[in-house]
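Colleague: Before anything else, here's the structure in question.
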Amino acid sequence: MAKSFVPSTAHTPADRVREALDEAEILVSRVRGAGPRVLELLHLLDQADDALAELDASGVDVRAERVRFETVQRQLSNQMRRFVAEAGKSLQQERAASQPDQARWWWFLDEAVARQRVRRLRRWLIGIVAAALLLAAAALAYDRFFAPSPEEREAFQLGVQGEALVEEGDLRAALKEFGAAIALTPDDPDPWIWLGVIHTQLGEPEDAQAAFEKARSLYDSDLDFLLERGLAYVRVRDLAAASADAEQAIREYPDLGYPYYLRASVETEAGDYAAAVADLEQAAELAQANGNTQLEATARVQRAMVIQLQLYQQSPLTPGPLTSE
């Protein structure tokens, strides 16, 4: 794939960043069905990142382009499973050939997806700007220490396929994938959560309740259950149900940062950026008080990104010529 990528021919950093963002915005909207060609998006993000750093160093005002860059990253993060499915093994091959800086998280999306499936590294701590070193360490821990059996590996792949089908809106097909995963690993609560959420969306409350009860019995705490279900509801954009889980978690665990992080995720999806910023700050402060440095860092980084979205919402910036201060 590296051989097929055509580097920018633009002469100035301003031209390079605009060219890269123009192409990236198109490609990120066409991930589905793109196959290994999606890997071009990684190179475009690298190109934009390099050009923005050069412009920042020279004192150029790049706020509008920064918003576009962060928006493309957010869109990619929201469909990372589909991206990994389209790229297949080509992603690892391309990464080995390109040797990217680990700070460029978009090159490590396959490791992010793997980490999501490990219960001890909670799904909701990834997808939004987690540190690349943490992603690599989680993937390594998954292979070396959790020692997944062949059944667990197959169930993992079924879960990835099921979540991709959910994003595509094919809930009945997704239901079959998660059901097959449960047959292989019946003690894993994640597919049970998805089974309940999908049945809810299909208007099958009795089946949904049975799946949720099973999932709840498998989690270590009721908080884990509420957080995981709430985030699954966010994924299907059932924000009312996700909000209900967030509010219940806040009532029952008001001194922990995780419930506020969940509520911020709901608010971000709803476009209520001011509320999301406030909840992310609350999540960070509580995490700091509890010594949870991982959540604190994640919440603060996510807060910074939401602030950018908030500024864009309040005063839309349209792409245009870059001007020096």
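Colleague: Examine the stretch 222-229 for a residue that is among the aliphatic types (A, V, I, L, M), surrounded by fewer than 22 Cβ atoms within 10 Å (Cβ to Cβ), in a helix (DSSP H, G or I) and in contact with a helix residue (DSSP H, G or I) (Cβ under 7 Å, 6 or more places away or on another chain), and state whether such a residue exists.
Modeller: yes
Colleague: Provide a single number: the residues in the stretch 204-221 that are among the charged types (D, E, K, R) and more than 16 Å from Trp194 (Cβ to Cβ).
Modeller: 2
Yes/no matrix, rows are residues, columns are (1) touching a His at 6+ places or on another chain (Cβ under 8 Å); (2) exposed (fewer than 15 other Cβ atoms within 10 Å of the Cβ); (3) modelled with pLDDT under 90; (4) assigned to a helix (DSSP H, G or I):
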residue	(1), (2), (3), (4)
Thr9	no, yes, yes, no
Leu27	no, no, no, yes
Gly33	no, yes, yes, no
Leu39	no, no, no, yes
Leu42	no, no, no, yes
Gln47	no, no, no, yes
Leu76	no, no, no, yes
Arg81	no, no, yes, yes
Val84	no, no, yes, yes
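Colleague: Here's a follow-up. Any residue in the stretch 229-254 that's at positive phi: show its pairings with residues that are in a helix (DSSP H, G or I) and surrounded by fewer than 19 Cβ atoms within 10 Å (Cβ to Cβ) at Cβ separation under 8 Å, as long as the two are six or more apart or on different chains.
Modeller: From the stretch 229-254, the pairs are Arg237/Glu269.
Colleague: For the stretch 293-313, check the following and say yes or no: at least one residue is outside any helix (DSSP H, G or I) and surrounded by fewer than 24 Cβ atoms within 10 Å (Cβ to Cβ).
Modeller: No.
Let's see how each residue does on (1) of a type in the set (A, V, I, L, M, F, W, C); (2) in the same structural domain as Arg32 (by TED's automatic domain parsing); (3) under 22 Å from Val17 (Cβ atoms):
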site: Val60; (1), (2), (3): yes, yes, yes
site: Glu65; (1), (2), (3): no, yes, yes
site: Phe69; (1), (2), (3): yes, yes, yes
site: Ser77; (1), (2), (3): no, yes, yes
site: Met80; (1), (2), (3): yes, yes, no
site: Val84; (1), (2), (3): yes, yes, no
site: Ala87; (1), (2), (3): yes, yes, no
site: Gln93; (1), (2), (3): no, yes, no
site: Ala103; (1), (2), (3): yes, no, yes
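Colleague: Right, next: For a quick check of your reading: which helices (runs of 4 or more DSSP H) sit entirely within the stretch 130-221 and have at least 3 residues that are modelled with pLDDT of 90 or more and either within 23 Å of the chain's Cα centre (by Cα) or surrounded by 19 or more Cβ atoms within 10 Å (Cβ to Cβ) (or both)?
Modeller: Helices (runs of 4 or more DSSP H) meeting the threshold: 150-168, 171-184, 189-201, 205-218.
The values are calculated or read from the model by the stated rules, or taken from the named source; none is laboratory data. Fair warning: this is a prediction, and the values are worked out from it, not measured in the lab. Heads up, the Cβs are rebuilt from the backbone with ideal geometry, glycines too, and the neighbour counts pull from every protein chain shown.
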